[in-house]
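The values are calculated or read from the model by the stated rules, or taken from the named source; none is laboratory data. The structure displayed is predicted, hence computed values, not measured ones. Don't worry about glycine lacking a Cβ; one is built from the backbone with ideal geometry, like all the others, and counts go over all protein chains shown. What goes into the accessible areas is simple: the full protein's heavy atoms, side chains included, and nothing from ligands, DNA or RNA. Shrake-Rupley method; radii C 1.70, N 1.55, O 1.52, S 1.80 Å.
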Amino acid sequence: MNTRTRTREEIRVGSRTVPLSNPDKELFPDDGITKAELIDYYRGIAPLMLSHLRGRPLVMERYPDGYEGNSFYHKDVPDYFPDWIRTVRVPKEGGHLTMAVCDDTATLVYLANQACITPHPWLSPADCLDCPDRLVFDLDPPDSARDGFESVRWGARRLGDLLTELGLRPALMTTGSRGLHLLVPLDRRTDFDTARHFARRVADLLAARHSDRLTTEVRKNKRRGRLYLDTQRNAYAQTSVAPYAVRARPHAPVATPLAWTELDDPELGPRRWTLRTLPERLDKHENPWKDLSRCRRSLDRARHHLNDLA
Ligand code: DTP
């Protein structure tokens, strides 16, 4: 751990001075993970993580008393945030919100000091709030399944194959919580209604093909032990956990981008990597998403292919 971070009342990050409060506060007491350690993690991961945060409105999932304590999803930026934190005015029903945007390491460090364990960005950048640049499919295992993660693994493979058949380039990530996400980079020529409708049709088609194992049923009591293909993130003002974000779960698991070949790793699980183990993974593996920006595709062709399959 960077002890300078732990003992000083402020740290210098690039051209910014970021004030610190209670850096020794244990946010994950079982492991002795303090706020200083969270700050150090986010400072170190910033070069990889910022490309997934930059320009997007952000919801801050905050835990001032540690991950098992009181928490809240903070959307509106409070008055006390410094002026250098970028904000964006976001229209919503009956008014607007002023939301934080995390464009640089200093902001990520500032948010960690606010006990924001998990940043949740929108799927669209602020310059066009109705133009998503990614689809997200959340593969959520049934509560009851003993082999819950095996069904996630199987479903991810089927969904990845279908999206690839449609001409898209899906990427895979652990959520650090219960399942996996498939993220599909888009060229931003689609609005949320079109994107959501497409994602739902893909999920429905796959669920119809494998109705014994997969479902798109929102109501839990109708899922009957099947893997839930959740497409609801693909909408205006919805968020998805940021790649490399820490989750408020035991041992501080991290949402981790994966290579498709890792899907067969017997040790893989939604919480495979944590704040403490991820740096070693990064030392050993190259970034599995290094070509992500070259994977952006238009939904137009994929929609036509889908019509042919459906
Ligand atoms: P998993 O499905 O593996 O548990 P996840 O897909 O990140 O992990 P979550 O349910 O934790 O699933 O979070 C879903 C998204 O919705 C995430 O971006 C956080 C956001 N969200 C959840 N609850 C709220 C809330 N009350 N207010 C605002 N955003 C929320």
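Quick notes on this one:
- More than 17 angstrom apart: percent of Cα pairs within region 143-219: 50
- Mean sequence separation of contacting Cα pairs (under 8 Å, at least six apart), scaled by the length of region 10-115, corresponds to a relative contact order of 33 percent.
- Extension gain, residue 282-residue 143: 0.36 nm per intervening residue step, less the Cα-Cα distance, totals 46.9 nm.
- Count, lysine Cα pairs under 27 Å in the chain, 8 or more residues apart or across chains: 5
- C-alpha center-to-center spacing [region 100-149, region 68-91] in angstrom: 15
- Translational diffusion of region 3-121, µm² s⁻¹ [Kirkwood Rh, Cα pairs; Stokes-Einstein; 4 °C; 1.567 mPa s]: 89
- Region 193-207 and region 249-308 have Cα centres lying 21 Å from one another.
- Share of Cα-Cα pairs in the chain lying beyond 30 Å, as whole percent: 33
- Per-pair calculated FRET efficiency, R0 = 22 Å: residue 235 and residue 309 via Cβ, rounded to 0.05: 0.40
- On the beta carbon distance between residue 130 and residue 208, with R0 = 22 Å, the FRET formula returns roughly 0.15.
- Where GluC sites (Glu not before Pro) fall in DSSP loop in region 206-310, at most 12 other Cβ within 10 Å: 267, 286
- Furthest towards positive pole of dipole, 258, 20, 225, structure part the chain, Cβ charges: 225
- Surface composition of the chain: carbon plus sulfur atoms contribute 44% of the solvent-accessible area (1.4 Å probe, protein chains only, all chains present).
- Measuring from each cysteine beta-carbon in the chain, the ones with no other cysteine beta-carbon under 4.7 angstrom are 102, 116, 295.
- Accessible area per residue for the chain is 46 Å², calculated with a 1.4 Å probe on protein heavy atoms, without ligands, DNA or RNA.
- The length gained on full extension between residue 193 and residue 296, counted as 0.36 nm times the residue separation minus their Cα-Cα distance, comes to 35.2 nm.
- Of the chymotrypsin sites (Phe, Trp or Tyr not before Pro) found in region 53-117, those that fall in a DSSP loop while having at most 16 other beta-carbon atoms within 10 Å are 80, 84.
- Low-density loop positions, GluC sites (Glu not before Pro), region 52-124 - DSSP coil, at most 13 other Cβ in 10 Å: 93
- Projected over all directions and averaged, the alpha-carbon convex hull of region 127-310 occupies 10.7 nm².
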